[in-house]
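Read through the structure below, which is laid out as structure tokens, and then see the notes.
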Amino acid sequence: MLRLLFYLKSSRPGLWFPTIWLYLLPTAGMDVENSVVFWMGLFYVSFPLNFLVYGWNDIVDEDIDRYNPRKDTYLFGAKGKHDELKSLPRTMIAVQLFIWPLLVYLSSWYVLSILLGTVFFCWIYNAKGWGLRSKPPLELLCQVGYLLVLPLSCMLNEQPIPDWRVWVYLILFCMQSQLIGEVMDIVPDRKGGRRTTGTEIGKGNTKLLIIGIVMAESILVWFWFSELYFALGLLGFVGWLCLDRFVLYKNREYSMMELYLFGYGSNVMAITSMFYVWNTKIFL
């Protein structure tokens, strides 16, 4: 049971919301109550996919995670012992080999290309020696791998691929999410010798970059999708980011309590936006 809980923690349940958000976007307004395919896909992008992505990351980050105070939680992920981390690869493979045939059976062989694509992006991000995770700013570009959830959802649920403007917005969304994590991890990353955009340009400049990205998102949503309320929500987030950068925290470290509050707050914001996007179909 302890090992199973470790596997669940390795999937970082507190960070499932980006993949769930991406999966739900193309299905907005669908009648999904009795759709086995929909629920199977939703399960996959929750635990199995994140178990693969974050479990692989934990294996590579074993030394760095020793310095990371926010690890060893269901919100931010596990801090595994060496023997626990050694068990991750075979378990990750077993989970994928269990769920992949079901997804292919319920949809088509084309789904397999998407699933293999997720493995490819995990590999080029985490590869020892040359992985993009330590080659800024390429680690930001690698986040577009998350967008494979979008065509996966479209294939499984037989929905059209969203307009190119949606993809532009989501690329910014994925880069923003990565940078927020890098801000929290600048100190442990530097102690562990890992280079990221955050460690290279510093906490203050990284926060400014995040502010610029979210501002761009709000402008795109307002002008491309004529969606005032969602854009105002993003502008409200910009206001908080500015308060954080220039008044409250500036360049100082967050306490563990503050990190927990930010983590739970992010989940509340994500769930709220999921319901809004689902009901209004603003990106479809």
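The values are calculated or read from the model by the stated rules, or taken from the named source; none is laboratory data. Everything quoted here is computed from the prediction, not taken from an experiment. When we count neighbours, we look across all protein chains shown, and the Cβ atoms used for this are built from the backbone with ideal geometry, even at glycine.
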*Within segment 190-221, how many residues are more than 16 Å from Ile180 (Cα to Cα) and in contact with a Lys or Arg (Cβ under 6 Å, 6 or more places away or on another chain)?*
0
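Can you tell me which residue is surrounded by the most Cβ atoms within 10 Å (Cβ to Cβ) among those in segment 60-77 that are in contact with a Pro (Cβ under 7 Å, 6 or more places away or on another chain) and part of a loop (DSSP other than H, G, I, E, B)? Walk me through how you get there before you give the answer.
Applying the first criterion (in contact with a Pro (Cβ under 7 Å, 6 or more places away or on another chain)) to segment 60-77 yields 64, 67-68, 74.
Restricting the remaining residues to those that are part of a loop (DSSP other than H, G, I, E, B) gives 68, 74.
Working: Asn68: 19, Tyr74: 15.
This residue is Asn68.
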*If you check Arg12 against the conditions, is it surrounded by fewer than 16 Cβ atoms within 10 Å (Cβ to Cβ), basic (Lys, Arg) and in contact (Cβ under 8 Å) with a residue 40 or more places away in the chain?*
no
*Give me the pairs, please: first residue somewhere in segment 117-135 and of a type in the set (D, E, K, R), second residue anywhere and in a helix (DSSP H, G or I), beta-carbon distance under 7 Å, and either six or more positions apart or on two chains.*
Lys128/Val60; Arg133/Tyr125; Arg133/Asn126; Arg133/Glu139
*Between a first residue in segment 69-85 that is on the phi > 0 side of the Ramachandran plot and touching a residue at least 60 places away in the same chain (Cβ under 8 Å) and a second residue that is in a helix (DSSP H, G or I) and of a type in the set (Gly, Ala, Ser), which pairs have beta carbons less than 9 Å apart while being 6 or more apart in sequence or on different chains?*
Gly77/Ser10; Gly77/Gly14
*Residues (over 18 Å from Leu4 (Cα atoms) and under 18 Å from the mean Cα position of the chain (by Cα)) located in segment 58-107*: Val60, Asp61, Arg70
_Any pair with Cβ under 6 angstrom, 6 or more apart, that starts in segment 260-284 at a residue that is farther than 30 Å from Asp72 by Cα and ends at one that is of a type in the set (Asp, Glu) and modelled with pLDDT of 90 or more_ = Ile282/Glu227
*Give the number of residues within segment 17-56 that are modelled with pLDDT under 95, outside any helix (DSSP H, G or I) and not β-branched (Val, Ile, Thr).*
7
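Do we have Leu141 as aliphatic (A, V, I, L, M) and either closer than 20 Å to Pro26 by Cβ or crowded, with 19+ Cβ neighbours inside 10 Å (or both) here?
Values: aliphatic (A, V, I, L, M): yes; either closer than 20 Å to Pro26 by Cβ or crowded, with 19+ Cβ neighbours inside 10 Å (or both): no.
Spelling it out, it is not the case that Leu141 is aliphatic (A, V, I, L, M) and either closer than 20 Å to Pro26 by Cβ or crowded, with 19+ Cβ neighbours inside 10 Å (or both).
Hey, among the residues in segment 83-98 that are polar (S, T, N, Q) and modelled with pLDDT of 95 or more, which one's surrounded by the most Cβ atoms within 10 Å (Cβ to Cβ)?
Narrowing segment 83-98 to residues polar (S, T, N, Q): 87, 91, 96.
Checking the rest, the ones that are also modelled with pLDDT of 95 or more come to 91, 96.
Values: Thr91: 16, Gln96: 18.
Across segment 83-98, the extreme among qualifying residues is Gln96.
Would you confirm whether or not segment 37-53 contains a residue that is farther than 24 Å from Gln178 by Cβ and either among the polar types (S, T, N, Q) or crowded, with 19+ Cβ neighbours inside 10 Å (or both)?
Yes, some residue in segment 37-53 is farther than 24 Å from Gln178 by Cβ and either among the polar types (S, T, N, Q) or crowded, with 19+ Cβ neighbours inside 10 Å (or both).
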